[in-house]
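In what follows, a single structure is set out as structure tokens and then discussed.
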Protein chains: 2
Amino acid sequence: MAPSRLAAEKRQHIVETAYRLFKRGGFHATGIDRIIAEAEVAKMTMYRHFPNKDGLIAEVLDWRTARFERQLDRLAETAQTPDDKIATILDWYQRWFDSPDFHGCLFQHALAEFGEPDHVVFKAVTRQKDGLKRRMRDILAARMPGERAASIAATLLMLLEGATLLAQMGQGKAAIADMRQAAARILDAPG
Amino acid sequence: MAPSRLAAEKRQHIVETAYRLFKRGGFHATGIDRIIAEAEVAKMTMYRHFPNKDGLIAEVLDWRTARFERQLDRLAETAQTPDDKIATILDWYQRWFDSPDFHGCLFQHALAEFGEPDHVVFKAVTRQKDGLKRRMRDILAARMPGERAASIAATLLMLLEGATLLAQMGQGKAAIADMRQAAARILDAPG
DNA sequence: CTCAAGTGAGACAGACCTGTCTCACCTTTG
DNA sequence: CAAAGGTGAGACAGGTCTGTCTCACTTGAG
């Protein structure tokens, strides 16, 4: 039978509550008991919707990936040139770093705690990073050969990931500024 | 009383065993019981040398930082120009990515699991990253104004951290190549 | 030799973990 | 109304976690 409307809402509520707790406390350190207490949900309700904790984590990451990519695609529509589209991504990161409950990248953290390439969580992380890289590559491909677009997209991804790390260590402001300079130099360089 | 020679050796053995296990399995997921079993050491021996698990983790990171910086400083002596010194650092990362039991950066992982800025582990992470950035800044300062050296050092650090992340996702080869191109463009750009 | 420090082995406490199960209750649907 | 699926609350099992403690033994220092 198809899940009822209320069941789907409960499921989504669990995902968002778990997201908030994982972001603050990490994955292994955040217990199921804590999640169901915070979500005000019975334990069996959680285990009826998700096979186990790892499955919940992967679902949380995939949900977050979808939200992230929606925001990114919407932003890309507001800009005209490829360079402007890339700039809106950097703007997005800058706002993220400045947001009050910034705790670093949940996907980086997931990779740290689930480093086995076959693990369902590991795969959810690669999906997010590959999606971001592909979006930047597609943006740049309108302005340069595909191979060079792929290379620069990878470079920008590295800069973004490194900047996120520095931001988690309290150096977000400088990291954004330095990243903008570097991005400008890389994009302006002769092909 | 000063610790005996054997006691110091045991202590060091615990640190190196914990390092190996943390690298593979993460921090929360690796239990004390596993560490002392692998190190073939009594539990009380471990707790006599370290105040608690967090203290052991911080010690492991600091030991690893010292080893890393020794290697870096030794490499820097073999190169002449600032650009060559930076290149030897990139070479070091490339060899690291290709090493058989590469599992990503232990400091990134520690930051993911201990995100509280006041935590002893968090501080050990910032020490390592700041140390690396400072070394690159000092290298570059021989070739450009101090402010620009600091900015480029931060950019290179971001690239290195991002490349390490990509390497953990199996894209180390391409990441190194793209990073080298980006570094060359950034270093060659007009001041 | 003598004594103290260090150690190995393991029991132990108390807490927490994941995941299963029961049972009474509610709500939705036919 | 009646049947069935979803839920809340919590007990429960079996395991693991950190950290403390005891006791017998070994090893190093004076």
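On the basis of being on the phi > 0 side of the Ramachandran plot and not polar (S, T, N, Q), does residue A:9 make the cut? Before you say what the answer is, go through the steps one by one.
Working: on the phi > 0 side of the Ramachandran plot: no; not polar (S, T, N, Q): yes.
Answer is no for this residue.
For the range B:87-130, filtered to residues that are farther than 18 Å from residue A:112 by Cα and of a type in the set (Asp, Glu), the residue that is nearest to the other protein chains (Cβ to nearest Cβ) is B:130. For residue A:103, the criteria (1) outside any loop (DSSP other than H, G, I, E, B); (2) touching a residue at least 40 places away in the same chain (Cβ under 8 Å); (3) within 21 Å of residue A:166 (Cβ to Cβ); (4) in contact with a helix residue (DSSP H, G or I) (Cβ under 6 Å, 6 or more places away or on another chain) hold in every case but one, which is (1). Taking the residues in the range A:37-52 that are without any contact (Cβ under 8 Å) to a residue 24 or more places away in the chain and more than 8 Å from DNA strand D (Cβ to nearest atom) as candidates, determine which candidate is farthest from the other protein chains (Cβ to nearest Cβ). Going through the qualifying residues, I end up with A:47. Screening residue A:18 on (1) of a type in the set (Gly, Ala, Ser); (2) surrounded by fewer than 20 Cβ atoms within 10 Å (Cβ to Cβ); (3) in contact with a helix residue (DSSP H, G or I) (Cβ under 8 Å, 6 or more places away or on another chain) shows it passes everything except condition (2).
For the range B:153-191, filtered to residues that are among the β-branched types (Val, Ile, Thr) and closer than 17 Å to residue A:164 by Cα, the residue that is farthest from the other protein chains (Cβ to nearest Cβ) is B:164.
Output yes when any residue across the range B:27-39 is exposed (fewer than 12 other Cβ atoms within 10 Å of the Cβ) and more than 23 Å from the chain's Cα centre (by Cα), and no when none is.
As a first pass, look at the range B:27-39 and keep what is exposed (fewer than 12 other Cβ atoms within 10 Å of the Cβ): B:33.
Next cut, more than 23 Å from the chain's Cα centre (by Cα) only: B:33.
For the range B:27-39, residues exposed (fewer than 12 other Cβ atoms within 10 Å of the Cβ) and more than 23 Å from the chain's Cα centre (by Cα): present.
Look at the range A:85-123 and say how many of its residues are among the small types (Gly, Ala, Ser) and surrounded by 22 or more Cβ atoms within 10 Å (Cβ to Cβ). So the count comes out to 2.
None of the figures in this text is laboratory data; all of them are computed from the coordinates on show. Not measured: the values here are computed from a predicted model. Please note: Cβ atoms are built from the backbone with ideal geometry, for glycine as well, and neighbour counts cover all protein chains shown.
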